[in-house]
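A quick write-up on the structure given underneath.
Every read-out reported here was derived from the displayed coordinates using simple, explicitly stated rules and does not represent laboratory data. Predicted, not measured: the structure shown is a model, and the values here were computed from it. A quick note on method: Cβ atoms are made from the backbone with ideal geometry, for glycine too, and the neighbour counts reach across all protein chains shown.
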Amino acid sequence: METSQALPVVTTAPPEMAALLRRPGPFATVYLTVDAEIDNAEQRSQQRWKSVRAELLEQGAPEDVVASIDPLVPDAHLNGQCLTVVVASDGHRHVEYQPDPPTTDIGRWSALPALGPLLEWRQQTVPHVVVLIDRRGADLLAFTGERGDAIEHAGGSDDPITKSAPGGWSQPRYQRRAENSWDENANDVAAALTHLVEDTRARLVVVAGDVRAVQLLRGHLNEAVDELVRVVDGGRSPDGSSDAIAAEATRLAATVAAADSRALLEKFREGRGQHEHVADGVAATIAALNEARVEVLLVPGDLDRTDSGWFGAEPVPVALSPDTLQEMGVEHASHGPLVDVLIRAAFGTGAGVRIIPSHAAPSDGVGALLRW
């Protein structure tokens, strides 16, 4: 069974995540609120880290592993609202910054990294382009969730831009020339936008600006790109509308991500009703993972579950008890939070992972869309 291109998921583990999961455990996982909008942001981050640090040490994390996170905390608020760090027992460290704070600060020392919240943030970071356009050209901002998001400028013909009323026989000719300049600029912007959408695989194009310039731009876009366009209030000039445009773009991107999850869950419900191509519940999902039949693993992203899973040196097989693994020929089994075990198994067998709301989850909160 193929996953539609319109339903993007983490189809394989990103390279840095795959490398992380090959490291020896245990792992320290930290999700720490680092709020730049408050007074004394650095001090507040340090206070929060002090509590999380103590929790890690109490759980048995070595001092050197915990100490490797210390230097990241003071300036973390300059990069986002959440500092995410995973440190393997051999000292390998993975660091990311998220734009939103975590539901609660987390410090966990466990056999596997707690990747659920990180994956959920990534799937909500829908690649999109924001276009701020006027009749002289446009600024194009591409957001992919990665550092180095692109900013491009397009248009800017030297022909007359502002329509005037010079009077007499020359007026229509001058106005046509102005309109042509606007149209040429719009054509340039459309070409740059199309390239950027293709390059970033954008799922959404948010456009703000001069009404006529927006109309001309859309007239030059192919159907596939134009279908991604959502027009919002605001413009290119420094009129204070940039924050409102950013907020609306974020809201629209979240809507796309939510629609993806709903569509996947609908596929799951259809398959369950027809008794084909789905695994419903923990036992069925584990069996499918062990046979490498899972196309997309569906699991909740919260870290409140207390059930465990067992695993060996390889991503699969996995089981709910060490005895079961031993019967399957796996010696020296380890155990960790069930969701973390399932995510590792999914990535290790080339499956995708979709973090879904707990209230919409399959039986036992776990399920999967299957390849066959």
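Observations on the model:
- Full-extension gain in nm, GLN59 to SER358, via 0.36 nm per residue minus C-alpha separation: 105.0 nm
- Net lengthening on full extension, ARG262/ASN222 (0.36 nm per residue, minus Cα-Cα): 11.6 nm
- Across the chain, C-alpha contacts under 8 Å between residues 6 or more apart give a mean separation that, scaled by the residue count, equals a relative contact order of 18 percent.
- Estimated translational D of the range 1-136 in µm²/s (Stokes, Kirkwood radius over Cα pairs; 10 °C; 1.306 mPa s): 97 µm²/s
- Taking a Cβ cut-off of under 14 Å around SER321, the surrounding Lys, Arg, Asp and Glu residues balance to a net charge of -3, with basic ones at +1 and acidic ones at -1.
- Estimated translational diffusion coefficient (Stokes-Einstein, Kirkwood radius over Cα pairs, 25 °C, 0.890 mPa s) of the range 301-352: 222 µm² per second.
- Rounded to 5, percent antiparallel among DSSP beta bridges of the range 259-370: 70 percent
- Over the residues of the chain, the helix contribution to mean residue ellipticity at 222 nm works out to -12000 deg cm²/dmol, using -39500 (n - 2.57) for each DSSP H run of at least 4.
- Charged neighbours of ASP64, selected by a Cβ distance under 14 Å, balance to -1 (K, R count +1; D, E count -1).
- Length gained on full extension, ARG136 to GLU327: 61.7 nm, using 0.36 nm per residue less the C-alpha separation.
- Ranked by the mean number of other Cβ atoms within 10 Å per residue, highest first, peptides 264-270, 361-367 order as 361-367, 264-270.
- Vicinal HN-Hα couplings computed from phi for the range 125-137 (Karplus, 6.51 cos²θ - 1.76 cosθ + 1.60; Hz; Gly/Pro x): 8, 6, x, 8, 10, 9, 10, 10, 10, 9, 7, 8, x
- For the range 192-200, 3J(HN,Hα) per residue [Karplus equation, 6.51 cos²θ - 1.76 cosθ + 1.60, θ = phi - 60°, Hz, x = Gly/Pro]: 5, 5, 4, 4, 5, 4, 5, 5, 9
- HIS92-SER242 FRET efficiency (beta carbon distance; Förster radius 35 Å; 0.05 resolution): 0.35
- Residues whose placed amide H lies under 5 Å from that of CYS82, excluding near-sequence neighbours: VAL34, GLN98, ASP100
- Computed Rg/Rh of the chain, alpha carbon atoms with Kirkwood Rh: 1.08
- Centroid-to-centroid separation of the range 202-216 and the range 346-364 [C-alpha atoms, Å]: 35 Å
- Average Cα contact separation per residue, the range 26-110, under 8 Å, 6 or more apart, as relative contact order %: 48 percent
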